[in-house]
């Protein structure tokens with residue numbers, strides 16, 4: 001099964017793009033990425049996502065969180 005992305009959390013931005021966004025504050029970036037991570041964990045708990053996709057997406061979100069915290 002494919003990962004279903006919650007459109008209200010990711011309107012236009014992927015996790016990789018969030019840290020570089022010039023319109024959001026650091027707090028907003030961290031909140032957005034945390035929401036993405038929570039949604040992914042929720043979907044994983046329901047068993048509605050492919051494990052390989054989950055691992056890749058979680059790695060992407062974690063990298064973005066690290067980058068957002070460093071700015």
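What follows draws every value from the coordinates through simple rules; no lab data is involved. What you see is a predicted model; the values in this text were computed from it and never measured. Cβ: placed from backbone, ideal geometry, glycine included. Neighbour counts: every protein chain shown.
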P(r) over all Cα-Cα pairs of region 26-70, 5 Å bins from 0 to the longest distance, whole percent per bin, short to long, reads 5, 24, 30, 21, 12, 7, 1
Distance in nm between residue 60 and residue 21 label points, each 7 Å along Cα→Cβ, equals 1.5 nm
